[in-house]
Amino acid sequence: MKAWVLAFLMLLAAVRAEAQTLSADLSSHVIGITTGFVGANLVLFGSTDKPGDIAIIVRGPPTDITVRKKGKILGVWINRSSAVFHDAPSFYAVAATKPLKDIALPENLTRHAIGLENVKLQPIGRMPEQDLATFRAALITAQEKVDLYRDSVAPVTFLGEHLFRADMFFPANVPTGSYSVEVLLLSGGEVVSAQTTPLIVSRIGFSNGVFVVAHRHAALYGTGALIFAIAAGWAAGAVFRRV
Amino acid sequence: MEIYLPIAQMPVDPFVVLAMGAFVGLLSGLLGIGGGFLMTPLLIFIGIPPAVAVATQSNQLVAASVSGVIAHWRRRNVDFKLGLVMLLGGGIGSAIGVALFAKLKALGQIDLVISLTYVLFLGLVAALMMIDNFKVLVLRRNVPTRRKLHEHNALHRLPLRMRFPRSRLYISALLPLGIGFVGGMMVAIMGIGGGFILVPAMIYLLGMPIGLVAGTSLFQIIFTTGITTFLQAVTTHAVDVVLAAVLIVGGVIGAQVGTRLGHLLKPEYSRLAHASIVLVVAVKLAYDLFTRPENLFSVVTMGN
């Protein structure tokens with residue numbers, strides 16, 4: 001009994017200590033996508049009262065991503081095999097005070113999914129290890145090409161001893177949904193403290209209006225699109241008649 | 001400058017899209033084709049998801065064909081009766097095509113079927129047209145269509161004969177019905193107006209006066225693309241009106257200019273241009289099917 005109480009008190013102390021060790025927040029928790037959206041910059045500010053390194057991992061809303069591989073059949077290249085990754089992050093970027101290999105042991109990087117080579121990508125069903133690796137690499141390459149996964153580690157800078165900041169850029173093609181921004185404090189290669197901040201990316205204004213009508217009032221939307229097209233064609237005909 | 005497309009969920013440069021719309025519209029007005037077989041690959045090339053590209057460009061084809069038909073109508077170049085018979089076949093064709101599309105999609109090889117159909121149809125049409133052009137332009141033979149007013153082929157004697165006074169034809173209704181049917185299937189399966197196959201079929205199979213072909217095929221395409229737009233909006237939610245609006249502005253301007261230029265262009269050359277474009281697209285698609293792709297992998301993210 002005594003041991004239980006002691007363990008509980010120790011846990012409580014640890015939680016309290018952790019709460020004080022690290023705190024961070026974003027300059028904004030919402031990114032609004034308007035018709036003129038060209039991407040967004042956010043600043044993450046934080047403070048810590050313990051020495052160590054900071055790593056920030058930004059993950060987009062989980063989604064299913066299908067990777068298909070072409071093969072040759074009768075001289076024609078067609079999709080032959082595929083892998084579906086369940087709940088893969090739709091966006092992934094990392095910021096840190098130092099290169100990742102200098103702040104944590106490889107197994108810790110893997111455990112906390114820090115860095116592009118450690119992104120958690122869980123395939124649906126079983127497949128040989130080697131195939132899985134190629135499909136995984138293809139997914140990462142494709143996402144990198146559209147700037148939704150980033151291999152480069154963005155800088156986290158300390159302003160004095162306790163305060164740190166990181167600038168984060170979200171491209172114009174950023175997926176909508178809820179993001180998680182995980183801030184880790186590492187010391188001696190181990191994670192000693194962590195905090196997660198939410199971030200919402202959503203369409204707003206006209207562009208959201210169009211999306212909502214297209215999905216919830218599809219018949220109305222389709223009719224509107226048709227009327228618009230017919231009117232535009234007619235108007236062009238009328239205008240050009242005089243030219 | 002960039003604008004954000006709400007359904008495609010990505011930004012694009014509106015001037016690039018405008019230029020694409022104008023280019024395809026110009027060809028559409030000039031040659032009486034919808035240009036869908038060019039627009040879909042162009043949209044996919046600039047990064048628009050294929051589903052959005054196919055659905056949206058059917059919407060823009062409605063506008064382009066309306067403006068094209070108005071221009072042809074003013075010159076009395078539309079055979080409405082024949083167009084309506086084709087349309088009837090088109091409706092049946094697109095209904096069956098939609099069902100077939102769903103079946104092929106379930107089998108997981110819809111992309112391959114689309115590519116193969118394109119290569120087959122485009123290749124066939126291009127070859128026929130090229131042979132014809134060769135005869136006319138190089139061998140200086142007479143235009144092989146409608147040498148006389150009442151030229152008929154065996155197909156014309158099928159049952160259900162009908163008079164089409166505007167085209168001065170007395171032919172089996174099954175023929176325009178069948179052509180419309182094939183066109184309707186293509187709208188559903190390939191997401192295009194099907195003008196590139198309708199136009200030669202109307203010239204070579206129906207033997208209609210060449211001046212009426214473009215206007216009549218466009219008249220029919222208004223309805224098949226209109227039906228497709230609506231079905232896409234309701235089932236796939238992939239019609240992007242912002243993208244369509246930009247394409248339409250470019251497209252209608254291009255189509256009007258094209259229709260005007262069409263009168264300056266000799267029919268032989270207009271058909272040669274048509275055949276060359278179709279041939280280039282067919283060769284490109286065939287090349288892609290038979291050569292090892294640069295990237296063997298393709299990645300699809302579920303929409304949210």
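The values are calculated or read from the model by the stated rules, or taken from the named source; none is laboratory data. The structure displayed is predicted, hence computed values, not measured ones. With ideal geometry, Cβ positions are generated from the backbone for all residues, glycine too; neighbour counts draw on all protein chains shown.
Numbers below:
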quantity	calculated
Test set (1) of a type outside the set (D, E); (2) at positive phi; (3) assigned to a helix (DSSP H, G or I) - B:H237 fails condition number	(3)
Matching residues in region A:77-94 - criterion: being surrounded by fewer than 23 Cβ atoms within 10 Å (Cβ to Cβ) and of a type in the set (S, T, N, Q)	A:N79, A:S81, A:S82
Of all residues in region B:39-53 being in contact with a helix residue (DSSP H, G or I) (Cβ under 6 Å, 6 or more places away or on another chain) and modelled with pLDDT of 80 or more, the one that is surrounded by the fewest Cβ atoms within 10 Å (Cβ to Cβ)	B:I44
Test: residue in region B:233-249 that is away from chain A (no Cβ under 14 Å), closer than 21 Å to B:L5 by Cα and at pLDDT below 80	no
Residues of region B:220-240 satisfying the condition of being farther than 18 Å from B:T40 by Cα and surrounded by 24 or more Cβ atoms within 10 Å (Cβ to Cβ)	B:Q220
Which listed residue, of A:D131, A:D147, is among the acidic types (D, E) and either under 27 Å from A:L44 (Cα atoms) or not assigned by TED's automatic domain parsing to the domain that holds A:R68 (or both)	A:D147
Unmet criterion (only one of (1) within 30 Å of B:A8 (Cα to Cα); (2) more than 14 Å from chain B (Cβ to nearest Cβ); (3) in contact with a strand residue (DSSP E or B) (Cβ under 7 Å, 6 or more places away or on another chain); (4) not hydroxyl-bearing (S, T, Y)) for A:D151	(3)
Residues of region B:201-220 satisfying the condition of being over 22 Å from B:G91 (Cα atoms) and part of a helix (DSSP H, G or I)	B:Y204, B:I210, B:G211
Candidate set from region B:278-298 (those that are touching a residue at least 12 places away in the same chain (Cβ under 8 Å) and within 11 Å of chain A (Cβ to nearest Cβ)); member that is farthest from A:L139 (Cα to Cα)	B:A286
Residue tally, condition crowded, with 16+ Cβ neighbours inside 10 Å and either away from chain B (no Cβ under 13 Å) or of a type in the set (K, R) (or both), over region A:67-76	3
Exclusive hit being of a type in the set (V, I, T), out of contact with any Cys (no Cβ under 7 Å at 6 or more places or on another chain), surrounded by 24 or more Cβ atoms within 10 Å (Cβ to Cβ) and in a helix (DSSP H, G or I), set B:I248, B:I253	B:I248
Among (1) farther than 30 Å from A:T34 by Cβ; (2) assigned to a helix (DSSP H, G or I), the one test that B:R76 misses	(2)
Residue match in region A:187-194 (condition: small (G, A, S), within 14 Å of chain B (Cβ to nearest Cβ) and surrounded by 14 or more Cβ atoms within 10 Å (Cβ to Cβ))	no
Within region A:210-239, considering residues that are more than 8 Å from chain B (Cβ to nearest Cβ) and more than 19 Å from B:V249 (Cα to Cα), the one surrounded by the fewest Cβ atoms within 10 Å (Cβ to Cβ)	A:R216
Any hit, region B:95-109, residues being under 19 Å from the mean Cα position of the chain (by Cα), under 25 Å from B:A275 (Cα atoms) and not hydroxyl-bearing (S, T, Y)	no
2 or more residues within 17 Å of A:G52 (Cα to Cα): qualifying helices (runs of 4 or more DSSP H) within region A:88-192	A:100-103, A:106-111
Residue within region A:56-72 that is touching a helix residue (DSSP H, G or I) at 6+ places or on another chain (Cβ under 7 Å), within 26 Å of A:N208 (Cα to Cα), assigned to a strand (DSSP E or B) and in the same structural domain as A:S178 (by TED's automatic domain parsing) present	yes
Residue match in region B:84-93 (condition: within 14 Å of chain A (Cβ to nearest Cβ), outside any loop (DSSP other than H, G, I, E, B) and either charged (D, E, K, R) or within 17 Å of the chain's Cα centre (by Cα) (or both))	no
Region A:197-209: number of residues that are more than 9 Å from chain B (Cβ to nearest Cβ), surrounded by 13 or more Cβ atoms within 10 Å (Cβ to Cβ) and of a type outside the set (A, V, I, L, M)	3
Those residues of region B:257-267 which are within 13 Å of chain A (Cβ to nearest Cβ) and either aliphatic (A, V, I, L, M) or farther than 20 Å from B:L42 by Cβ (or both), in sequence order	B:V257, B:T259, B:R260, B:L261
